[in-house]
Structure formats: structure tokens, C-alpha cells
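Asker: Before I ask anything, here is the structure I am working with.
The values are calculated or read from the model by the stated rules, or taken from the named source; none is laboratory data. Worth saying up front: this structure is predicted, and the values here are computed from it rather than measured. Because the Cβ atoms are built from the backbone with ideal geometry, glycine has one as well, and the counts that use them run over all protein chains shown. Surface areas here come from the heavy atoms of the whole protein model, side chains and all, with no ligands, DNA or RNA. Shrake-Rupley method; radii C 1.70, N 1.55, O 1.52, S 1.80 Å.
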Amino acid sequence: MNSVIMKRFLRNSSILIFPFLLMIIINEIVRPTIKENKYSFSGITAMNSSARITDKCSWVCHNDTNYCMENHVKYLEPYSNYTNIVYFGVIGMLQMTGNYGLANIIFLVVLIPLLIWYFIIKSLNIQHQINILKNT
């Protein structure tokens, strides 16, 4: 296999896999430090707490956004009029699919990261072409 193609394949694969790998590593490092009761739903136990904790987010924040906004949103509070439109709009669109959990995974975990990855790769390839043109 051509070395340029192999280098691009390794670069592109690394850009796709590294963020997920980093997220898994951080989660597994943090998991043993969580002392609160774990959140359980439909036979699945999450690593985050199910308790109402005022100094950090928990599953209560996921299920009750107003609780989170009252207790945890401090730095972005002046911008909440703008961010809430997008935030609740995305949640509303995911709920309109009829299966919020599946739609969340498909769009926010798979499709959007793949789209971001595609544009990063596209940008790197265009920059490579620009560099070639500059050197000729």
C-alpha cells in the first residue's frame, strides 16, 4: 500500500477513534471515585448518581433540566435565553421521533460526530493541497 495512503488512513482513523477512546478512558478512571447511589433504569445501571446533588450534575439534571439550571448553571446563565432555544429545540426534535433514546444515539453519538469527522478530514485534505500548491 502506498505510504501516503497509509499515513492518511492512520491519521483519519486516529481522528475518528481517539475522542471516543479518550472518553472511555476518562469515564473508567472516574467511575471508582463515584460514591453516590447509581442511577438505574430498565435494568441498566449508569455510573452517575441518581441523587439530587446541589454541587454537581447527576441523572436528576438529565430528567429535570430546571433543577440543573437552578443549581448548576452559573457561567452561562446570562446566555440561557439563547442556549435554551437550541437545547430544548434539539430535545423536542429527538422526542418527536417517537424513540428519544435511539434518536439520541443515532444523531448525537453517531451522525453528528461522523459529520464533524468528515469535515475535519476534508479540511486537512484541502490544506494539504494548498501546501502542495504553495511549494510548486
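Asker: Counting only residues 5 or more places away or on other chains, whose amide H sits under 5 Å from the amide H of residue 72 once H atoms are built in the peptide plane?
Answerer: The list, which skips near neighbours in sequence, is empty: none.
Asker: Nearest 20 debye, what's the magnitude of the dipole of the chain about its Cα centre given +1 on Lys and Arg Cβ and -1 on Asp and Glu Cβ? Can you show the working numbers first?
Answerer: On the way: 11 positive and 6 negative charges, 131 e Å.
Here the chain has a charge dipole of around 620 debye.
Asker: If you take the charge dipole of region 35-136 about its Cα centre, with +1 on Lys and Arg Cβ and -1 on Asp and Glu Cβ, which of 67, 89, 124 is farthest toward its positive end?
Answerer: The residue sitting most towards the positive pole is 124.
Asker: Got a number for the accessible area of residue 119? Probe 1.4 Å, square angstrom, nearest 10.
Answerer: Spelled out: residue 119, probe radius 1.4 Å, area about 120 Å².
Asker: Roughly speaking, to the nearest percent, how much of region 53-136's 1.4 Å accessible area is carbon and sulfur?
Answerer: Numbers: 4380 of 6530 Å².
About 67 percent, which is the carbon plus sulfur part of the accessible surface.
Asker: Residue by residue, what Karplus-based ³J(HN,Hα) values in Hz, rounded to whole numbers, does region 40-52 have, using 6.51, -1.76 and 1.60 with θ = phi - 60° and x for Gly and Pro?
Answerer: Along region 40-52, the couplings run 10, 8, 6, x, 10, 9, 8, 7, 7, 6, 9, 8, 7 Hz.
Asker: Defining a contact as two alpha carbons under 8 Å apart and six or more residues distant in sequence, what relative contact order in percent does the chain show?
Answerer: On the way: 59 pairs, mean separation 16.9, N = 136.
It rounds to 12 percent for the chain.
Asker: Just how many pairs of Lys in the chain have C-alpha atoms closer than 28 Å, counting pairs that are eight or more places apart or on different chains?
Answerer: Details: 7/122; 7/134; 35/56; 35/74; 38/56; 38/74; 56/74; 122/134.
Summing the qualifying lysine pairs gives 8.
Asker: Something else now. How much solvent-accessible surface does residue 122 expose, in Å² to the nearest 10, with a 1.4 Å probe and all protein chains in place?
Answerer: 100
Asker: May I ask you to give the solvent-accessible area per residue for the chain, in square angstrom, as obtained with a 1.4 angstrom probe? Please report the intermediate quantities before stating the final value.
Answerer: Details: 10800 Å² over 136 residues.
For the chain, the solvent-accessible area averages 79 Å² per residue.
Asker: Something else now. In degrees between 0 and 90, to the nearest 10, how far off the longest principal axis of the chain does helix 80-96 point, with axes built from Cα atoms?
Answerer: 90
Asker: Tell me, what HN-Hα J-couplings in whole Hz come from the Karplus equation 6.51 cos²θ - 1.76 cosθ + 1.60 at θ = phi - 60° for each residue of region 59-65, using x for Gly and Pro?
Answerer: Whole-Hz 3J(HN,Hα) from phi for region 59-65: 5, 4, 5, 5, 8, 9, 4.
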